[in-house]
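Scroll down for the structure; my scribbles are underneath it.
The values are calculated or read from the model by the stated rules, or taken from the named source; none is laboratory data. No experiment lies behind these values; they were computed from the predicted model shown. Every residue, glycine among them, receives a Cβ derived from its backbone with ideal geometry; neighbour counts consider all protein chains shown. The accessibility values were calculated without ligands, DNA or RNA, using every heavy atom of the protein model including side chains. Shrake-Rupley method; radii C 1.70, N 1.55, O 1.52, S 1.80 Å.
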Amino acid sequence: MSAKLKATTRYLLREQLSYLGVVYLIVLAALIGMPLISAIFNHNLTWQLILNSLSINVGFIFGCFIFILPMLTYDHFKLLIQNGISRKTYWRARLLNIISLSFIGEAIAMAYYFFVTNPIAHRSFSAGFKYEFYGQLYGDFFGAHNLAGNLLMNFIFMWLAFIMLGLCGMAVGSIFSLLTKTVRRIVIIAVPILGLFFLGFLINWLARTSIHFNFEGLAKFLGFLVGFTGDNKVGSLNPLIATGTILIVSVIMAAIAYYFNHKLKIKNA
């Protein structure tokens with residue numbers, strides 16, 4: 001790793017870790033502080049209410065964070081390119097930053113779930129695994145009693161999923177950075193409206209047409225991508241297939257981000 005790449009990666013990671021800390025504090029203040037203040041004013045504050053307020057989904061919060069933050073592309077690009085950092089180094093630093101940040105985010109999310117949320121719900125460590133997102137879908141793949149293997153695969157799976165989300169945000173941000181502010185605003189407003197309009201039109205057309213479409217093949221394909229192998233038992237999906245899907249999507253998103261990243265230019269205004 002070159003000195004410039006190492007310094008750029010460290011700079012991005014330190015800055016974004018501070019942003020993550022601020023996000024967690026804001027969320028804690030909103031989801032925990034406000035209900036407690038309301039309970040104090042209404043004179044119904046209880047210890048159980050305090051505990052229930054701590055049962056937040058840290059993984060979901062981090063998932064939103066790791067997708068949105070990499071979309072903010074241009075400001076860092078402008079700063080670093082003016083300080084002698086090439087586009088290629090900037091892209092590599094962002095990639096390493098997403099990988100590192102996702103590892104830290106998943107470690108925090110997993111620790112919070114098993115050591116805070118799970119005990120509050122009065123569940124054992126192994127029982128809590130079945131209520132976790134990964135455990136609900138893939139918990140029986142390595143055997144119901146192989147807790148160590150399941151937890152390791154859980155961590156790897158969610159880490160890769162967060163990396164995929166970050167790369168998706170990075171790809172979208174690289175494309176948006178090529179647009180002017182006016183065009184970006186139009187796209188942000190128009191795309192959701194047109195998407196909803198098209199979805200409504202499609203649903204209405206399908207309801208009124210006499211043509212019958214068979215989506216069984218598409219459903220099977222999508223099911224295969226997430227690891228469905230034909231067994232209807234809950235928790236029996238194959239995480240290895242889903243992990244392969246995540247890796248393929250990640251590579252595609254990284255390639256898109258790389259392509260558009262090399263087209264970024266310093267704007268006059």
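Hand me the trypsin sites (Lys or Arg not before Pro) from the stretch 89-130 located in a DSSP loop with no more than 15 other Cβ atoms within 10 Å, in residue order please. Walk me through the numbers before you get to the answer.
Working: sites: R92, R94, R123, K130; in loops: R123.
Sites meeting the loop and neighbour criteria: R123.
Take the Cα of N83, step 7 Å along the line toward its Cβ, and report every residue of the stretch 8-35 whose backbone nitrogen sits under 17 Å from that point.
Under 17 Å, as judged by backbone N against the label point of N83, lie 8-19 of the stretch 8-35.
In nm², what is the average projected area of the convex hull enclosing the Cα atoms of the stretch 86-135?
Values: hull surface 15.5 nm².
The directionally averaged projection comes out at 3.9 nm².
Give me the Kirkwood hydrodynamic radius of the stretch 25-175 in Å, from all C-alpha pairs, to one decimal place? Present the calculation step by step, with values, prior to reporting the outcome.
On the way: mean 1/r = 0.0564 Å⁻¹.
Computed over Cα pairs of the stretch 25-175, the Kirkwood hydrodynamic radius comes out at 17.7 Å.
For the full complex of protein chains and a 1.4 angstrom probe, list H262, H122, H145, H76 by accessible area with the highest value first. Walk me through the numbers before you get to the answer.
Numbers: H262 75, H122 155, H145 180, H76 30 Å².
Largest accessible area first, the residues go H145, H122, H262, H76.
Run the quick spin-label model on D75 and V116: label points 7 Å from Cα toward the beta carbon, then report their separation in nm to one decimal.
The answer from the label model is 2.6 nm.
If you take the charge dipole of the chain about its Cα centre, with +1 on Lys and Arg Cβ and -1 on Asp and Glu Cβ, which of S38, T8, V251 is farthest toward its positive end?
Of S38, T8, V251, it is T8.
What length, rounded to one decimal in nm, is gained on full extension from I156 through to Y131, with 0.36 nm per residue of separation minus their alpha-carbon distance? Spell out each step's value before the answer.
Working: separation 25, 0.36 × 25 = 9.00 nm, distance 1.76 nm.
Fully extending the segment from I156 to Y131 adds 7.2 nm.
In what order, largest first, do L194, L264 sit by accessible area if the probe radius is 1.4 Å?
Values: L194 110, L264 0 Å².
My answer, sorted largest first, is L194, L264.
What residue among A254, A242, A29 has the largest mean-square fluctuation in a Gaussian network model of the chain, using Cα springs under 10 Å?
With Cα springs under 10 Å in the chain, the top fluctuation among A254, A242, A29 is at A29.
Provide Rg over Rh for the chain; use the alpha carbon set for both Rg and the Kirkwood Rh (inverse mean inverse pair distance).
Here the Rg-to-Rh quotient is 1.02.
Could you sort K88, K6 by their accessible area in this structure, using a 1.4 Å probe and putting the largest first?
Details: K88 90, K6 110 Å².
Correct descending sequence by accessible area is K6, K88.
Using 0.36 nm per residue of separation minus the Cα-Cα distance, give me the extension gain between T180 and L31 in nm, one decimal. If you can, show how the numbers build up before the last one.
Details: separation 149, 0.36 × 149 = 53.64 nm, distance 3.60 nm.
The span from T180 to L31 would gain 50.0 nm if fully extended.
What accessible area, in Å² to the nearest ten, does a 1.4 Å probe give for V23?
The accessible area of V23 comes to roughly 40 Å².
Report the FRET efficiency, 1/(1 + (r/R0)^6), for V187 and V251, where r is their Cβ-Cβ distance and R0 is 22 Å, rounded to 0.05.
Numbers: r = 25 Å, r/R0 = 1.15.
The calculated FRET efficiency here is 0.30.
So if I place +1 on the C-beta of Lys and Arg and -1 on the C-beta of Asp and Glu, and nothing else carries charge, what would the dipole magnitude of the stretch 3-261 be about its Cα centre? I want it in debye, nearest 20.
On the way: 17 positive and 7 negative charges, 190 e Å.
For the stretch 3-261, the charge dipole is close to 920 debye.
Under a straight-distance cross-link criterion of Cα-Cα below 18 Å, which lysines are reachable from K130, leaving out those fewer than 8 residues away in the same chain?
Cα-Cα hits under 18 Å: K233.
Can you tell me the length gained on complete extension of the stretch V23 to L196, counting 0.36 nm per residue apart and subtracting the Cα distance? If you can, show how the numbers build up before the last one.
Numbers: separation 173, 0.36 × 173 = 62.28 nm, distance 2.99 nm.
The V23-L196 span can extend by a further 59.3 nm.
Suppose each label sits 7 Å from its Cα in the direction of the beta carbon; what would the K263-H145 distance come out to in nanometres?
5.7 nm
Put +1 on the Cβ of each Lys and Arg and -1 on the Cβ of each Asp and Glu in the stretch 3-261; which of S177, L79, L147 then has its Cα farthest toward the positive end of the dipole?
Positive-end residue among those listed: L79.
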